[in-house]
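Report on the structure given below.
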Amino acid sequence: MTGYGKTVLQLSTKKITIELKSLNSKTLDINVRVPSYYRERELDIRKKLATALERGKIDFSIYIEDNGGEVLSKINESVVKAYMNQLKTVVDADETELLKMAIRMPESLKTEREELNEDEWALIEEGIEESIVKINEYRADEGLVLLTEFELRIVNINLLLDKIIELDPERMLLVKEKLVKAVQDLEAKIDENRFEQELIYYIEKLDITEEKVRLKNHLDYFSKELKDNVSNGKKLGFITQEIGREINTIGSKANFATMQKLVVQMKDELEKIKEQSLNVL
């Protein structure tokens, strides 16, 4: 969602700079800053940005730099003359000095509000569209970087999962051997059939076959969604949660140091995915 777009319009009397910035956000949050005489078009600006940018914390600004053309502050002649006539009665000064004093008095200058020029606004609308194109290009470039990052992390988790699958038979054998040895060390008489049933029950509790299958499916689903042209950041977030759930379950059932180390590495890779998934629309 991070992006930046800027367009500069050079008119006869002013330079207009249109600036768009976008940061990560779960929702669409638009902040618009424009000169007062463009305020009547603020709703139009917001609709245009909402349609084009969809999600993110959006800062939109229009800056005006006057080239010295039209002066909006003008002398209020009637007020200045009235001040000068009053000053003559209390100050012995020539016309120039009286004018210097009068011009500093309240209401001596009046500011005329600039009206919105439709031709000028048409150019600004084109500038806004251009800025939107630029920010979306920026976002697309960032998306390609994120795509490479996501693909790398998914490949790494898949490789770690393959190692876990290879280790699983050894893990189950060691678990069974530990239980048998623990019973033998008790030197107590046991019902072999009952012991075998309990052993099977315990081993089933530690079985991670379903978790391995679901995790593999979630990883494939995530990779598939990465290739979709439709904005799907929230969906990727949900899939990431499911991936994390299966990894955590494997870790809690592992009961095998070598496998638990692999689980920690998987969590580290997943955390990097979570951090970057916030950048996806």
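What is the calculated FRET efficiency for ALA140 to LYS227, with r their C-beta to C-beta distance and R₀ = 25 Å, to the nearest 0.05?
It comes to 0.95.
Using r as the Cβ-Cβ distance of LEU9 and GLU151, and R0 as 35 Å, what FRET efficiency do you calculate, to the nearest 0.05?
That gives a FRET efficiency of 0.30.
Could you list, in their original order, any pairs among LYS21/LYS48; LYS216/LYS267; LYS176/LYS261; LYS47/LYS227; LYS176/LYS212 whose Cα atoms are separated by more than 26 Å?
Distance filter (> 26 Å) returns LYS47/LYS227.
Could you give the longest part of the chain that holds none of the trypsin sites (Lys or Arg not before Pro) found in DSSP loops with at most 11 neighbouring Cβ atoms within 10 Å?
Between exposed loop sites, the widest span is 1-103.
Can you give me the P(r) profile for the chain? Cα pairs, bins 10 angstrom wide beginning at 0, each as a whole percent.
5, 19, 15, 13, 12, 10, 8, 6, 5, 3, 2, 1, 0
In percent, what relative contact order does the chain have, based on Cα pairs under 8 Å that are 6 or more apart in sequence?
Relative contact order comes out at 20 percent.
If a paramagnetic tag sat 7 Å from the Cα of ASN217 along the Cα-Cβ line, which residues of the stretch 237-279 would have the backbone N under 17 Å from that point?
Answer for the stretch 237-279: 238-250.
Set the Förster distance to 22 Å, then compute FRET efficiency between LYS178 and ASN158 from the Cβ-Cβ distance, nearest 0.05.
E between LYS178 and ASN158, to the nearest 0.05, is 0.15.
Could you work out how much longer the chain between THR17 and ASP94 gets when fully extended? Use 0.36 nm per residue separation minus the Cα distance between them, nm to one decimal.
Value of the extension gain: 23.1 nm.
Quick note: the coordinates plus some simple rules give every number you see, no bench work behind them. On a predicted model such as this, the values are computed, not experimentally measured, just so you know. A quick note on method: Cβ atoms are made from the backbone with ideal geometry, for glycine too, and the neighbour counts reach across all protein chains shown.
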